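Novice: Right, I'll just put the structure down here and ask away after.
The values are calculated or read from the model by the stated rules, or taken from the named source; none is laboratory data. These figures come from a predicted structure and were not determined experimentally. In this analysis, Cβ positions are derived from the backbone assuming ideal geometry, glycine residues included, and neighbour counts consider all displayed protein chains. Note: accessible area is taken over every heavy atom of the protein model, side chains too, but ligands, DNA and RNA are not part of it. Shrake-Rupley method; radii C 1.70, N 1.55, O 1.52, S 1.80 Å.
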Amino acid sequence: MPPAKPKTKTELPDVNELSYEQALAELETIVTSLESARLPLNETMALYERGQALTRHCADLLDKAELKIKKLSGESLEDVPSGQE
Amino acid sequence: MSQMPLFSSPKPTSWTVADLTRYLREVLESDELLQDVWVVGEVSNFSRPASGHLYFTLKDSSASLRCVMWRNAVLRQSFTPHDGDAIEVHGSISIYELGGQYQLYADLFRPAGEGALYQEFLRLKAMLDAEGLFAPERKRAIPARPKRIGIVTSPTGAALQDMLNTLRRRYPLVEVVLAPTQVQGEEAPAQIIAALHDLAFLAHPDVIIMARGGGSIEDLWAFNDEGVARAIAASPIPVITGVGHETDFTIADFVADLRAPTPTAAAELATPNRADLRLDLAELSDRLNRLCQAAASELRWALKELKNRLERNSPLNLVQTESQHIDELERRLNALMLHYFQLSRSQLTGLNQHMSALSPVSVLERGYAIVTNQAGKTILQVAQVSAGQPLNVQVSDGDFGVHVDRKST
């Protein structure tokens, strides 16, 4: 079951702020809640729109992601610029 | 000489060289020990003619041994020795009859010392196995979608580039933390142990890959180090090993939570494939669409059902019912009216006949006349007229004028 009852949009974080894992987890939650409970139309529509936005966000992340590389240096993590690893 | 030979027993005929040599060969070849020997020595006079066979001499400070390795065996060797190399050679001792030389027919060689290393490998493996470090129930699951991967490897090796390329292709969403170390030599084990520790406690990755490209058994030796093995076992983060080639097994591989045959394979096992993720995403999206369409059509159906019920109870329906009622009333009214008219008509006929009987016309027909003055007033009494007055007389078929010429009462 979804951890939280779907709420109004303003209480949910902006889709574009979510990591792939967060977005995917929320998408799975939405699908599961739609599958397991009959919800009022306005909630169903809100979940549907949110789910579509999450799907697009995930696909975007998959398409546009670039590998981030850091290096352990002593006690700290240093960024390794692309192409210099 | 008169002296007869004391021993006139038939003297054995002389051996031919070939017979003797063959006999010696059979003696050597029937000796099991000589047919399965490891010999250690230094390579010299190494030659490899066009035939593809190898010829060399194995020597130490006090002796030398001719060796040959046939071409088909040469093709199976993992390395080629050079003059001056200390190697161990396996094979069988026999005689090259034409040259009259005994030699070692080699089928396998390995660097000298490898045997000792291998013994050490077996000893450590047995010990750690007995401690339960290889137990399947110790193996931790590799997270399906890691956010951060730690990599312990040489910063300059091709293995690192192979892994980074694989991660870029499969799952660029992940963040990589490199812990550069030497991967061979005396310093390597301590550096690897430190890197495992630092990665776990400073970078908190979801999984650690420990990798090295292919090499000889000595090159890979750091991964057979007991300290490295125990550091893997103690790591709070799951460890995937990708050391050497597919055929290389190190102690680290046995202790690791997952063993990959190569560094590239380790990077693959640590990450989901982007193409698969796209499929999963499409499947989720499909489910979402289907669910919402189903919900919508269910609502639509319910709405239609309500509409039907509403229509059954609508005023329109009532009006229609009333209208039918009115039609019925009208029909009945019409029928009544018709009946009434028919009735009236027959009554009228009767009345008419009755009236005819009373009508003045019928009186006129019986010979009476109606006399009226010019004003149309019916004359009933003599006093109404005066002499000479014009009057009108109506009879049954018409009327005519007269003048009063007398009057009497």
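Novice: For the stretch B:252-282, give me each residue that is open to solvent by 20 Å² or more (accessible area, probe 1.4 Å) and either hydroxyl-bearing (Ser, Thr, Tyr) or within 10 Å of chain A (Cβ to nearest Cβ) (or both).
Specialist: B:Thr262, B:Thr264, B:Arg274, B:Ala275, B:Arg278, B:Asp280, B:Ala282
Novice: Restricting the stretch B:171-213 to residues that are within 10 Å of chain A (Cβ to nearest Cβ) and over 21 Å from B:Ala234 (Cα atoms), which is surrounded by the most Cβ atoms within 10 Å (Cβ to Cβ)?
Specialist: If we take residues in the stretch B:171-213 being within 10 Å of chain A (Cβ to nearest Cβ) and over 21 Å from B:Ala234 (Cα atoms), then B:Val176 is surrounded by the most Cβ atoms within 10 Å (Cβ to Cβ).
Novice: Tell me which residues, restricted to the stretch B:352-381, are open to solvent by 50 Å² or more (accessible area, probe 1.4 Å), modelled with pLDDT of 80 or more and not in a loop (DSSP other than H, G, I, E, B).
Specialist: Scanning the stretch B:352-381 gives B:Glu365, B:Thr378.
Novice: Something else about it: If you take the residues in the stretch B:141-163 that are among the hydroxyl-bearing types (Ser, Thr, Tyr) and out of contact with any helix residue (DSSP H, G or I) (no Cβ under 6 Å at 6 or more places or on another chain), which one is farthest from B:Ala190 (Cα to Cα)? Break it down stepwise before answering.
Specialist: Step one: list which residues in the stretch B:141-163 are among the hydroxyl-bearing types (Ser, Thr, Tyr), which gives B:153-154, B:156.
Now restrict to residues that are out of contact with any helix residue (DSSP H, G or I) (no Cβ under 6 Å at 6 or more places or on another chain): B:154, B:156.
Numbers: B:Ser154: 14, B:Thr156: 18 Å.
By that ranking, first place goes to B:Thr156.
Novice: Okay, moving on. State the number of residues belonging to the stretch B:146-187 that are within 30 Å of A:His57 (Cβ to Cβ), charged (D, E, K, R) and not in a helix (DSSP H, G or I). Even if it seems obvious, please write down each step before you answer.
Specialist: We begin by selecting, within the stretch B:146-187, every residue within 30 Å of A:His57 (Cβ to Cβ); these are B:146-151, B:163-178.
Remaining after also requiring charged (D, E, K, R): B:147-148, B:168-170, B:175.
Remaining after also requiring not in a helix (DSSP H, G or I): B:147-148, B:175.
Residues meeting the conditions: 3.
Novice: What residue, of A:Leu72, A:Leu27, is open to solvent by less than 80 Å² (accessible area, probe 1.4 Å), facing chain B (nearest Cβ under 9 Å), at pLDDT 85 or above and part of a helix (DSSP H, G or I)? Give the steps one after another, and end with the answer.
Specialist: Details: A:Leu72 fails: part of a helix (DSSP H, G or I).
A:Leu27 is the lone residue from the list that is open to solvent by less than 80 Å² (accessible area, probe 1.4 Å), facing chain B (nearest Cβ under 9 Å), at pLDDT 85 or above and part of a helix (DSSP H, G or I).
Novice: Which number in (1) closer than 30 Å to B:Gln77 by Cα; (2) within 14 Å of chain A (Cβ to nearest Cβ) marks the one condition that B:Trp301 misses?
Specialist: (1)
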